[in-house]
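Before any comments, here is the structure.
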Amino acid sequence: MNKIFIILFLTIYNLIFIIEGSAYENKIKIGLLVPLTGENAEIGKQIIKATRLALKEINSDKIEIFPRDTKSDPDKTLRSAFELDQIGVKIVIGPVFYKNLTYLDEVNNITFLSFTNKTINLPKNVISTGINSTSQFNTIKKFIEQNEILKPILLIPNVDYDLEIKQGVKKSKIKPYKQYFYNIEPTKLTKQIEKITNYEVRKQNLIDEITRLENSEDPNKEIKIKNLEKRYTIGNVNFDSVIIADFDESLKSVITSLLYTDVSPKNKYFITFNQWFDESLLNETTSQPIYYPSINKKNLENFKTKFSEKFNQNPNHISLLSYDLVGLIYYLSLKNDVTELNKAFNAKNSFKGKIGIFDIKDNKINHQLNFYKIDQGSLIKIF
């Protein structure tokens with residue numbers, strides 16, 4: 001009787017162990033590789049908060065999060081990645097910065113969803129999830145086609161992401177009328193913009209016309225001269241729009257140089273890259289209207305409200321992306337074997353998140369973006 005009881009007890013115990021073990025194996029283990037110490041620690045802490053917010057909304061006990069510190073250092077990133085590998089993590093959100101991807105191809109059991117928007121020379125197990133240049137050019141191209149813009153010129157800064165911009169042009173199949181590279185140093189920039197816009201010739205045209213009127217017998221010459229003196233140039237430029245692949249103060253410097261050379265957004269389209277709804281642009285009325293692609297602003301504001309109510313602080317932009325990535329991983333887990341979830345990212349997939357629709361292909365996520373116009377101090381959604 002005792003033997004039967006012992007056998008029965010062991011059978012039940014082993015069955016419980018198998019069930020619990022199976023449940024644990026079916027857990028979705030998500031690693032987080034973010035800076036938790038050092039100068040970028042606040043970025044990492046906000047990403048963790050955003051993932052917590054996502055988990056609360058998903059409300060599933062299938063997901064476990066394992067944060068690890070990168071210290072924004074490639075060597076520390078690799079060590080932390082190996083730690084995650086040892087505990088069976090297959091999917092990692094992070095790292096944040098491109099430089100921290102350097103050695104991650106050594107951890108080939110893990111797929112890394114990096115926040116970088118750079119897509120060139122990525123390790124094979126890294127997927128770029130940031131808003132890359134291809135996504136932005138795809139959206140700009142749509143606007144150009146809708147408005148029958150025929151001669152857009154593309155201005156590209158000579159900085160470390162110029163190759164990414166070139167690739168975005170190629171992948172999106174957008175066809176600028178001409179493209180120019182410029183030096184972001186203000187004095188050199190102005191000289192380059194003068195050349196691009198044929199400023200000196202147009203300026204001389206104005207001087208010549210004023211001189212001609214002064215020497216003419218035209219009875220209305222004083223009125224005409226007075227009107228001409230309000231202008232900077234005479235003559236058109238050979239383009240109908242300007243795409244400026246730049247941001248922040250450098251972008252404003254380019255616009256200032258264009259205005260100086262008498263190229264105005266009142267008669268030429270000024271188009272730029274995602275500005276994350278930079279409110280300072282609302283005050284730059286001389287630069288308006290200006291157009292740019294970006295994420296869904298309404299969804300961003302809703303996320304900001306939830307985040308600030310929960311954590312009593314405003315989130316950074318990367319936080320929204322991490323929030324969406326948790327949702328993306330959970331969505332793919334419903335359609336794929338949890339133990340082979342990383343393989344799902346190598347297949348073509350689409351997912352609708354707060355940022356917009358994600359298209360996963362060729363080790364990167366392309367975002368289907370909205371398009372906005374700033375005009376007379378207001379932000380207007382075009383599509």
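For the range 36-59, give me each residue that is closer than 20 Å to Leu321 by Cα, in a loop (DSSP other than H, G, I, E, B) and over 22 Å from the mean Cα position of the chain (by Cα). Leu36, Asn59 - these are the residues of the range 36-59 that are closer than 20 Å to Leu321 by Cα, in a loop (DSSP other than H, G, I, E, B) and over 22 Å from the mean Cα position of the chain (by Cα). Only one entry of Gly377, Gly353, Gly327 meets the criterion of being out of contact with any Phe, Trp or Tyr (no Cβ under 6 Å at 6 or more places or on another chain) and without any contact (Cβ under 8 Å) to a residue 60 or more places away in the chain, and that entry is Gly353.
In the range 274-312, what residues are over 17 Å from the mean Cα position of the chain (by Cα) and β-branched (Val, Ile, Thr)? Scanning the range 274-312 gives Thr285, Thr286, Ile290, Thr305.
Residues considered: Val254, Val326, Val263. Of these, the only one that is among the hydrophobic types (A, V, I, L, M, F, W, C), closer than 15 Å to Ile355 by Cα and either under 21 Å from the mean Cα position of the chain (by Cα) or at pLDDT 95 or above (or both) is Val326. Look through the range 215-247, keep the residues that are surrounded by 12 or more Cβ atoms within 10 Å (Cβ to Cβ) and assigned to a helix (DSSP H, G or I), and return whichever of them is farthest from the chain's Cα centre (by Cα). Among those that are surrounded by 12 or more Cβ atoms within 10 Å (Cβ to Cβ) and assigned to a helix (DSSP H, G or I), it is Lys221. Taken over the range 268-296, the residue count meeting the criterion of being out of contact with any Lys or Arg (no Cβ under 9 Å at 6 or more places or on another chain) and among the hydrophobic types (A, V, I, L, M, F, W, C) is 5.
Before we move on, is Leu78 of a type outside the set (Phe, Trp, Tyr), in contact with an Asp or Glu (Cβ under 7 Å, 6 or more places away or on another chain) and outside any loop (DSSP other than H, G, I, E, B)? Yes. Flag set for Leu189, criterion: in contact with a strand residue (DSSP E or B) (Cβ under 7 Å, 6 or more places away or on another chain) and either closer than 19 Å to Ser264 by Cα or surrounded by fewer than 14 Cβ atoms within 10 Å (Cβ to Cβ) (or both). Taking the criterion of being polar (S, T, N, Q), under 27 Å from Ile127 (Cβ atoms) and part of a loop (DSSP other than H, G, I, E, B), the residues of the range 278-336 that qualify are Asn296, Asn316, Asn336.
Matching residues to (1) surrounded by fewer than 12 Cβ atoms within 10 Å (Cβ to Cβ); (2) not aromatic (Phe, Trp, Tyr):
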site: Glu301; (1), (2): yes, yes
site: Lys306; (1), (2): no, yes
site: Lys310; (1), (2): no, yes
site: Asn314; (1), (2): yes, yes
site: His317; (1), (2): no, yes
site: Asp324; (1), (2): no, yes
site: Tyr331; (1), (2): no, no
site: Gly353; (1), (2): no, yes
site: Leu369; (1), (2): no, yes
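In the range 74-95 there is no residue that is buried (at least 19 other Cβ atoms within 10 Å of the Cβ), without any contact (Cβ under 8 Å) to a residue 40 or more places away in the chain, within 27 Å of Ser172 (Cα to Cα) and within 22 Å of the chain's Cα centre (by Cα).
When Lys297, Lys335, Lys304 are checked against the criterion of being among the charged types (D, E, K, R) and under 25 Å from Thr134 (Cβ atoms), a single residue qualifies: Lys297.
The values are calculated or read from the model by the stated rules, or taken from the named source; none is laboratory data. Note that the coordinates shown come from a computational prediction; the quantities given were computed from them, not determined experimentally. Glycine gets a Cβ as well: all are built from the backbone with ideal geometry, and neighbour counts include every protein chain shown.
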